[in-house]
Amino acid sequence: MDNAGVEIVEDQPDIYDDAVVFITGATGFVGKTLLEKLLWSFPRIKRIYMLIRPKGGVTVEERFRGFLQNPIFERLTSEHPERLKKIFHFSGNIEDDNFGLNESDRAVLCAEVNIIFHSAATVSLGSGIVVSLATELVFFGLQVRFNECLKVSARVNSQATYNLLELCREMSQLRSFLYVSTAYCNPGRKYVDEQVYPTMPPVDWRQFLACTQKIPDDYLNRLADYIKGPHVNTYTFTKSIAEQIVNAYRHMIPIVIVRPSIVTAAYREPYPGWIDNIQAISGIMMEIGKGGISSILGDKDLICDIIPVDFVVNAMIMMVGKAKLGSLSICNATSGVTNPITWQRLGELTMKWSRIYPTRRMIMFPNFKYRCSAIKHEVAVWVLHFVPALLMDLRTLLLGQKKRLVTPIAKKFRQACLAGSFFSLNEWIFKNKSRYYFKDLISNGTYPTLYWNLEELDYDDYVRRHMIGINKYLHREKFTVEANKFTVTRIYWFWIFLHLIFYMMLVFFVF
């Protein structure tokens, strides 16, 4: 299935009729995809508000104009450009008290908003570097900082959620508040149902917020390892705290929660393979395709719970209608129970399609191996990553070239991979009863433009779309079936030659 031909319907749900929507995190991957889908499939939406902050010397107005030029809006610009006029922005920052809103903007939100999608999180913070260790080409872009310092994570993921819920109490027209959490906010539990669990270790969210306000930043950050318990990073810990906050407001505000697992490129909408960041798995798949990864610390037989971003967005849109005062409905937007894929299978498909549709940035033949042993992985990293990096730096120094040294970047890349090993060495079973609710809504015609057919997802075809999307949207390469075939052939024989040299040297030294 390709780009959805069905667009709008006359019998769309009343909840989106003439609705005013407020989206936090609208400039992020999920938020941006949600905004585009709402405008595309629900044209009777009245208005969509978003927050934008000035950044890097660029004004809010300039950032907003740039946002509207994003490639994700191509089909809207081509067929329904008038719908983009429904997007309005406020100057503000989710980290600030009162979100940095002036009194008039705050009054507008409180008087008009009917639906809130709260998707802002530390997952979109920071400027980072993703590097192929066997090349001198460096790709600059956004990087997920799942292990942001506790102070920042608490302010964005927990305190901002509390502040927004307090603001919601003044919104007289509010009909639904949707909070985007993460499926991994309960890492101490093997089986995760669609319910709110107590934090592990037990933490009172009111005391936690008070401490983040009073305790000095450095001291609070040093306490992180002692108070986050089984959480591998501050992101999942503060998301767990945020769920406690949301749960406490269920009697005052109609609330629902959506917990995505590992969000990946779009399956169908807005375009097959759509991806605009290097978050989590997508960044790893990109590096595998470039030949920059030779070893991953993980158990190849465990389930890798990935979920395409358009499935997450569809879940969010449908869950809005379940918000009711006094109860809290939760959706685990995951694939592991419905249509599981192992890390081994995902890796094999990534290598397969990166070889068939190679990128111009390929510097080594795509080939890697999962290793459960930390010692074996470290040896592989040193032999296959650090040694080439050291040789490249030695060449740079001897030739007197003014190029960035690769070894320090190799160290950072190693640290990033180790941070993700917690998820590739462990497995969770996320129960997902919400899928039956989605199928009922779709089958009875309530949401004919949406889909939730995860059990029909063909991973071979999906990873093909994903790798094409990486080349097209991240590498910004024009896609053709025969593109870069000579490059991958040349690199393959060079790779074979290196292996022959290695084994000949091994035989020579052994015998």
TODO: Would you mind checking the tilt of helix 205-214 against the longest principal axis of the Cα atoms of the chain, expressed as 0 to 90 degrees and rounded to 10?
DONE: 70
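In percent, how large is the relative contact order of the chain, given Cα pairs closer than 8 Å and 6 or more residues apart?
Details: 896 pairs, mean separation 87.2, N = 511.
17 percent.
Taking every pair of alpha-carbon atoms in the stretch 199-308, give the share separated by more than 16 Å as a whole percent.
Details: 4399 of 5995 pairs.
The answer is 73 percent, as a whole percent.
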Task: Estimated [θ] at 222 nm from DSSP helical runs (n ≥ 4, -39500 (n - 2.57)) normalised by residues in the chain, nearest 500 - done: -12500 deg cm²/dmol
TODO: Filter the cross-link list 290/369; 324/431; 46/433; 352/412 down to pairs whose alpha-carbon distance in this structure exceeds 20 Å.
DONE: 324/431; 46/433; 352/412
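Could you do me a favour and compute the accessible area per residue for the chain, 1.4 Å probe, result in Å²?
Values: 22430 Å² over 511 residues.
Dividing the accessible area of the chain by its residue count gives 44 Å².
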- [ ] Using a 10 Å cut-off on Cβ atoms, rank the peptides 185-191, 29-35 from the highest mean neighbour count down.
- [x] 29-35, 185-191
Task: Helix 434-443 vs. the chain, principal-axis angle (Cα, 0 to 90°, nearest 10) - done: 70
Open item on the list: Cut-off under 14 Å on the C-alpha distance; same-chain residues fewer than 8 positions from residue 85 excluded. Which aspartates and glutamates are left, in chain and number order?
Closed with: 36
Task: Estimated inter-spin distance, residue 378 and residue 504, nm [label 7 Å along Cα→Cβ] - done: 3.3
Task: Mean Cβ count within 10 Å, highest first, over the residues of peptides 162-174, 273-285 - done: 273-285, 162-174
Open item on the list: If you roll a 1.4 angstrom probe over the protein chains with everything in place, what fraction of the accessible area of the stretch 246-301 belongs to carbon and sulfur, to the nearest %?
Closed with: 50
- [ ] List the aspartates and glutamates whose Cα lies under 18 Å from the Cα of residue 478, skipping any in the same chain that are fewer than 8 positions away.
- [x] 74, 276
Open item on the list: Can you compute 3J(HN,Hα) from phi for each residue in the stretch 170-184, using the Karplus curve 6.51 cos²θ - 1.76 cosθ + 1.60 with θ = phi - 60°, rounded to whole Hz and x for Gly and Pro?
Closed with: 9, 8, 5, 9, 5, 10, 7, 10, 10, 9, 8, 9, 9, 5, 9
- [ ] Please list, or write none, the aspartates and glutamates whose alpha carbon is within less than 18 Å of the alpha carbon of residue 228, excluding same-chain residues fewer than 8 places away.
- [x] 148, 204, 217, 218, 243
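The values are calculated or read from the model by the stated rules, or taken from the named source; none is laboratory data. All values reported here derive from a predicted model rather than from experimental measurement. A quick note on method: Cβ atoms are made from the backbone with ideal geometry, for glycine too, and the neighbour counts reach across all protein chains shown. With ligands, DNA and RNA removed, areas are computed over all heavy atoms of the protein, side chains included. Shrake-Rupley method; radii C 1.70, N 1.55, O 1.52, S 1.80 Å.
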